1. Stretched out fully, how many nm does the piece from L6 to A43 gain, at 0.36 nm a residue minus the Cα gap?
2. Once amide H atoms are built 1.01 Å from N in the peptide plane, which residues 5 or more positions from G79, or in another chain, come under 5 Å H to H?
3. So what are the three principal axis dimensions of the stretch 12-51 from its Cα atoms, in whole Å, longest to shortest?
4. Gain in length, H109 to D31, computed as 0.36 nm per residue apart minus the alpha-carbon separation, to one decimal in nm?
5. In nanometres, what is the gap between the two model label sites at E23 and D94, each 7 Å from Cα along Cα-to-Cβ?
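Coordinate-derived values only; no laboratory data. Note that the structure is predicted; figures quoted are calculated from it, not measured. Reconstructed Cβ throughout: ideal geometry from the backbone, glycine too, with neighbour counts over all protein chains shown.
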Amino acid sequence: MSDQTLTCRDCGTGFVFTTGEQEFYASRGFDNTPSRCPSCRAARKAERGEGGYSGSSYGSGGGGGYQRREREMFDAVCGQCGKDTQVPFQPRGDRPVYCSDCFEQQRSHPAAGGRGGRW
């Protein structure tokens, strides 16, 4: 194998398909040579919402083409202190819902009806 100069089908510029890239393609079972230069490939991925590490906000919901949806929050009234709060689930009405402060108290004090630590 040796470096090959290819022509991008989108922008028409020449780009080098290195032996290292050729070996990588072969190790993945790819038979075809790339038809777009690296910058046109990156632009195309960005248009389709794909990413990988460089084209996304990896670690903050992106990465691998997956986008994390904004968490839906629901209004509720704390069953202990009566304060208005929001929770990340739809309250059913048959169990109390707690604000974050009261929830922590419930978890850490078994005598107060909590579980006493981890769930």
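1. 11.5 nm
2. Residues meeting the criterion, in which the H sits 1.01 Å from N, are V97, Y98, C99.
3. That works out to 27, 23, 14 Å along the principal axes.
4. Using 0.36 nm per residue and subtracting the Cα-Cα distance, I get 21.8 nm.
5. Placing both labels 7 Å along Cα→Cβ, they lie 6.3 nm apart.
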